[in-house]
Amino acid sequence: MSKTVLTVDDSPSIRRMIAMTLEEAGYAVIEAVDGQDGLAKALAQPVDAIITDQNMPNLDGLGFIRALRQHPAGKGVPIVVLSTDSAEDLKAQAREAGALGWMVKPFTQDKLLAVIKKVLG
Amino acid sequence: MTDDMAAIFREELRDLLESLERGLLDLKKRPGDMALVNQVFRDLHTVKGSGAMFGFTDLAAFIHEFETVFDRIRSGALAVGAEILRLALAAKDEIPGLVEGEPDPDGRRAAILAGLKAMMAGGEVEAPAAVTAPVAALPAADAPSRLRFRLSGAALAMGARPEIVLDELRGLGAAGIVADLSDVPPLHWLDVEGCAIGWEMDLPAGVDAAQVEEVFMFVDADWRLEPAAGTDAPVLTEDAAPPDADTGPVASAPPAAAAAPAREARQGPRSAFRPNGWMR
């Protein structure tokens, strides 16, 4: 059975690019439009990994991760944060919230696949 | 980028420009409304991020100053004023031309960017950029080495999987992998979310610290690379390898440790890596 990745981003084009790349590689992809939507979808069905943007309306990436890690179903799911910023304080905040890694925009489709493969094995 | 993706981006851009224009016009009426400031910032951030993703690098570079101004407003270093809004609306009008690759013979864009930079210079004084010391070249691993690692207490809860790490290390030629069970507590004390096991293995000549760092990119772990018995190379820790510029773990690295002499490592590893209790 294919592994499922949840992509959380308020940009439809970024979500679509991630979904197309991962689906072509054999992953199932669920899309969420912001942190609130991501939280609802991550708790509604099991996912194997999550890629989330940081700057989003309603609930940003860090808020989403913190909220998800409060739930038993949200523990142990690898989460990678997408950001245009690679500042150390942002990374430290993401780690504190419970993220496993980060990826800077812009990124290539090859880089995205390499990261997902590294996270999911 | 496929034509489909470019079309999706252009459609998204139309929505973003409408939202951006609405936000800027509303700010004229309510300059202190931080929800509007945040919305404008997010719109700009998305235009920049998505533009860069889909190859519109000139657009992304142009938006950068625009976004920075609104980031300064968000932080309170700048206030919304008539000149900022005039420049912002003029900058917004340049975005479609940048996406279509239209030239700027009159230098409008340069003038807008100069105006935005002047706005920032008039606000809080920018701190000088930190000078980063060049990363010293790592010695090539021309001899076999010994690797020991242990996941951090929160690594499993964050989604790290030691079996993936071990598979990658086997791919580098790791042999003689043994598990250190010396820190595994009695069952009634076991932390089900923690990983009490450490691992140790031999790595062949030619595997260097940068390759090991790559393996641990998405794993919150302490690792230590030292010369195999009988060699005289320096010890390298997780701090020694240069990070990937675009991806990486979110763990904040402690200050870089200088490579210790080999003799020190042979005198006895850190308490977390006790050599007793190994089992195959």
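A few notes on this one:
- With the highest mean first, a sort of the peptides B:103-109, B:33-39, B:88-94 on other beta-carbon atoms found within 10 angstrom per residue produces B:88-94, B:33-39, B:103-109.
- Rounded percent of accessible protein surface that carbon and sulfur make up, the stretch A:9-121, 1.4 Å probe: 49
- The stretch B:1-32 and the stretch A:75-121: distance between their alpha carbon centers, rounded to Å: 26
- Reducing the stretch A:13-70 and the stretch B:87-126 to their Cα centroids gives an inter-centroid distance of 33 Å.
- Convex hull of the stretch A:24-121 built on C-alpha atoms - directionally averaged projected area, nm²: 6.1
- Accessible area buried at the B-A interface, both sides summed, 1.4 Å probe (Å², nearest 100): 3200
- Solvent exposure of the stretch B:1-54, expressed per residue, is 47 Å² of accessible area, with all protein chains present and a 1.4 angstrom probe.
- At least 50 Å² accessible surface lost relative to isolated chain, residues of the stretch A:72-104 (1.4 Å probe): A:84, A:95, A:100, A:102
- Of A:3/A:41; B:28/B:92; A:75/A:111; B:48/B:117; A:41/A:105, those spanning more than 19 Å from alpha-carbon to alpha-carbon: A:75/A:111; A:41/A:105
- Neighbouring Cβ atoms from other chains, within 10 Å of the Cβ of residues in A:5-12, number 3 on average.
- Solvent exposure, largest accessible area first (probe 1.4 Å, DNA, RNA and ligands not counted), of B:199, B:223: B:199, B:223
- Contact order relative to length of chain A, as percent, for alpha carbon pairs under 8 angstrom and 6 or more apart: 24
- Shown are A:33, B:40, whose ranking by accessible area with a 1.4 Å probe and every protein chain present, most to least, is A:33, B:40.
- Each Lys or Arg adds one and each Asp or Glu takes one away; over the other residues whose Cβ falls under 9 Å from the Cβ of residue A:31, this sums to +1.
- Derived scalar couplings ³J(HN,Hα) [the stretch B:75-90; Karplus, 6.51 cos²θ - 1.76 cosθ + 1.60; whole Hz; x for Gly, Pro]: 7, x, 7, 10, 10, 5, x, 4, 5, 4, 5, 4, 5, 5, 5, 5
- Charged side chains reduced to their Cβ positions (Lys and Arg at +1, Asp and Glu at -1) give the stretch B:3-121 a dipole of some 680 debye around its Cα centre.
- Solvent-accessible surface ranking, highest first, for B:152, A:2, A:11 at 1.4 angstrom: A:2, B:152, A:11
- Accessible area per residue, Å², the stretch A:4-120 with all protein chains present, probe 1.4 Å: 37
- The heavy atoms of residue B:26 offer some 40 square angstrom of accessible surface to a 1.4 angstrom probe.
- Charge tally in the Cβ shell below 15 Å around residue B:22, where Lys, Arg are +1 and Asp, Glu are -1, residue B:22 excluded: -1
The values are calculated or read from the model by the stated rules, or taken from the named source; none is laboratory data. Worth saying up front: this structure is predicted, and the values here are computed from it rather than measured. Positions of Cβ are backbone-derived with ideal geometry, glycine not excepted, and every protein chain shown enters the neighbour counts. SASA here: full protein model, heavy atoms, side chains in, ligands and nucleic acids out. Shrake-Rupley method; radii C 1.70, N 1.55, O 1.52, S 1.80 Å.
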